[in-house]
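Input: a single structure, listed below in structure tokens.
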Amino acid sequence: MDKIPITRPGYEKLKKDLEYMKRVAVPENIRAIEEARGHGDISENAEYAAAKERQSFIQGKIQELENNLASSKVIDLENLTDERIVFGSIVTIVDAETEERTTYQLVGPFESDIQQNKISVTSPIGKGLIGKEVGDEVRVKTPRGMRILEIADIRVDHGKQRE
């Protein structure tokens, strides 16, 4: 199986999320199940059913996080340059049609978060940007249709990016 790239902060966040699920969410859910059992007949107990459903969700999330951590490969951002777009680059693009400027960091799929302007290198835009330089024009097919993007700036954070 190919390893999936991830930044150090992204990897640490996955570890922190897993730790939270194991040390906080599981014990809280166990208490909720026990409390619901104490209310009598569990066959018609909505609290019990909800707690058991949450238990299933928590176990699934723990398994997902463990699998993500196991299949991740931390990429060192210390030696990045701002000459070409690579994993970890912070890129400012300009949409040719709307002239809207947007800045994204290219990260792995486990840490992509559009709210934080982190997009996956496996997304249509991420794939289109890899290897490009400032001034290059990129045609990218997105769910919203074909977009033409110009690379306005490439920055690097040398591994000190925020989580």
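Restricting to the stretch 12-32, name every residue that is among the acidic types (Asp, Glu) and free of Cβ contacts under 8 Å to residues at least 24 places away in the same chain.
Of the residues in the stretch 12-32, the ones among the acidic types (Asp, Glu) are 12, 17, 19, 28.
Result: Glu19, Glu28.
Table: residues versus (1) in contact (Cβ under 8 Å) with a residue 12 or more places away in the chain; (2) closer than 23 Å to Lys3 by Cα; (3) exposed (fewer than 11 other Cβ atoms within 10 Å of the Cβ).
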{"residue": "Glu34", "(1), (2), (3)": "no, no, no"}
{"residue": "His39", "(1), (2), (3)": "no, no, no"}
{"residue": "Ile42", "(1), (2), (3)": "no, no, no"}
{"residue": "Ala51", "(1), (2), (3)": "yes, no, no"}
{"residue": "Lys61", "(1), (2), (3)": "yes, yes, no"}
{"residue": "Glu66", "(1), (2), (3)": "yes, yes, no"}
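It is to be established whether one or more residues within the stretch 112-129 are farther than 30 Å from Lys61 by Cα and either outside the structural domain of Gly10 (by TED's automatic domain parsing) or assigned to a loop (DSSP other than H, G, I, E, B) (or both). Before the answer, list the steps.
Of the stretch 112-129, the ones farther than 30 Å from Lys61 by Cα are 128-129.
With either outside the structural domain of Gly10 (by TED's automatic domain parsing) or assigned to a loop (DSSP other than H, G, I, E, B) (or both) added as a condition, the list becomes 128-129.
Yes, that holds for at least one residue.
Touching an Asp or Glu at 6+ places or on another chain (Cβ under 8 Å) and more than 30 Å from Ala32 (Cβ to Cβ): which single residue out of Asp76, Asp136, Asp157 fits that description?
Working: Asp76 fails: touching an Asp or Glu at 6+ places or on another chain (Cβ under 8 Å); Asp157 fails: touching an Asp or Glu at 6+ places or on another chain (Cβ under 8 Å).
Every option except Asp136 fails the conditions.
State whether one or more residues within the stretch 44-66 are assigned to a loop (DSSP other than H, G, I, E, B), within 26 Å of the chain's Cα centre (by Cα) and at pLDDT below 95.
Pass one, the stretch 44-66, residues assigned to a loop (DSSP other than H, G, I, E, B): 45.
Subset that is within 26 Å of the chain's Cα centre (by Cα): none.
No - not one qualifying residue is present in the stretch 44-66.
When you go through (1) polar (S, T, N, Q); (2) under 30 Å from Glu150 (Cα atoms); (3) in contact with a Phe, Trp or Tyr (Cβ under 8 Å, 6 or more places away or on another chain) one by one for Thr98, which number turns out not to apply?
Thr98 satisfies all of (1) polar (S, T, N, Q); (2) under 30 Å from Glu150 (Cα atoms); (3) in contact with a Phe, Trp or Tyr (Cβ under 8 Å, 6 or more places away or on another chain) except (3).
The values are calculated or read from the model by the stated rules, or taken from the named source; none is laboratory data. Every value quoted in this text rests on a predicted model; they were computed, and no experiment measured them. Note that we place each Cβ from the backbone using ideal geometry, even for glycine, and neighbour counts take in every protein chain shown.
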